[in-house]
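Worksheet for the structure shown next.
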Amino acid sequence: MSKETKRIILQVGLFILTFITTTLAGASWCYGKTYIAIVPFNILVDDTFTLNDFWSGLHFSVPFLLILTVHEFGHYLTAKHNRIKSSLPYYIPMPPIPFSIGTMGAIIRLRQRVSSLKVNFDIGIAGPLAGFVMALIILFYGFINLPPAEYIFEIHPEYEQYGFDYAAHVYGNQEGVIDVVIGKNLLFLFFEKFVADPQRMPNPHEIMHYPYLFSGFLALIFTALNLLPIGQLDGGHVLYGLVGYKNHKLIASGVFIAFIFYAGLGLVHPLQPMGDLIFYAPAYVIFLVLCLRGLKFSNQSTIMIALLIFAGQFVWAWLQPSVNGFTGWLLFAFIIGRLAGVDHPPAEIEEKLDTNRQVLGWIALIIFVICFSPYPIEMTAAIPE
């Protein structure tokens, strides 16, 4: 068996496994309880879980994987068009652990170096633009085909006793469960205001039960993360094409520092007991240093920036204790800092982008802004009295 055949078998196997895990995720998120229990994937040990329940998850997995696939094939086909050797997508399944969405995305591998700035730009921007268009189609379909407001009582018959005033009675009132609220971004707010029937628009706590909205929202989050103008992310390729090597390094470093600053807001603050601060503060600063090594500054500069970020976050928490960041972004910042890097390697052939490419580049950065959700998912638990 040739290496290429083994590679294709691996890719097909990963896709099938990802299809299964995302379908299980859809069945759990979209048709389970609004309050996701401590182990939301109890379907794996639930004797009442049937094949029909599994099929119901297709309403989530199919649109979500469709957006993801269109994104990756945008890269793949553009690479092929420019005669750059590229692999088919490798899908990354995510095991059915608590709060899993079934996948960590997909990647393609370029099998040769791209020497041209323009070709690098074209390959980088093609994926998020293609995926974004597909996400718009999925979201438009989901918002114009919202079920009647009574639909939520099919998912939660226990809400019916409260009528449409159920929100005042159920959220945050059940011990031992986690209340999940889906955040929003500018594009989602646009669809909600100008496309959706306001009488059918679900409560933010219930959006995960609307699979086309939920899959579209997650796709927008993936799109925004890919378009961060940092390193060799898709947005990094776009920024590099627009502003060149030196300006890219400056802007990407600033964006990365700002991203970490926002993500860590509220993680360490003056209201914590002194004993906790003595332990957590040094550990957090060490974590910041590890993230910031992606800037490739000197050790002294890296430590200084980490301390300045910590001090700024600490003062912010003292002045604005109710304004917190989304700590989930810190994991992504760590991955960038340790694996992907913040700068972009210089292209062998530096070319100025033509007007059409420049316009597309700025459109891609606008797409990042309207897709980015500062607080995509909020999870709170009821506190026993």
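The values are calculated or read from the model by the stated rules, or taken from the named source; none is laboratory data. Note that the coordinates shown come from a computational prediction; the quantities given were computed from them, not determined experimentally. Cβ placement follows ideal geometry from the backbone for every residue including glycine, while neighbour counts extend to all protein chains displayed.
Here is how the numbers come out for the structure above:
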quantity: Residues located in region 108-167, provided they are touching a strand residue (DSSP E or B) at 6+ places or on another chain (Cβ under 7 Å), closer than 15 Å to L77 by Cα and aliphatic (A, V, I, L, M); calculated: I108, L110
quantity: Within region 229-248, tally of residues that are over 15 Å from F368 (Cα atoms) and of a type in the set (D, E, K, R); calculated: 1
quantity: Filtered residues of region 271-298 (kept if of a type in the set (A, V, I, L, M) and in contact with a Phe, Trp or Tyr (Cβ under 6 Å, 6 or more places away or on another chain)); calculated: V285
quantity: Count of region 273-331 residues which are more than 23 Å from G236 (Cβ to Cβ), out of contact with any Pro (no Cβ under 6 Å at 6 or more places or on another chain) and either modelled with pLDDT of 90 or more or assigned to a helix (DSSP H, G or I) (or both); calculated: 28
quantity: Near pairs, Cβ below 9 angstrom, 6+ apart or cross-chain, from region 305-326 (not assigned by TED's automatic domain parsing to the domain that holds A281) to any residue that is assigned to a helix (DSSP H, G or I); calculated: none
quantity: Residue check, N145 within 28 Å of G236 (Cβ to Cβ) and in contact (Cβ under 8 Å) with a residue 60 or more places away in the chain; calculated: no
quantity: Filtered residue count, region 332-360, keeping only those that are charged (D, E, K, R), part of a loop (DSSP other than H, G, I, E, B) and more than 12 Å from F121 (Cα to Cα); calculated: 2
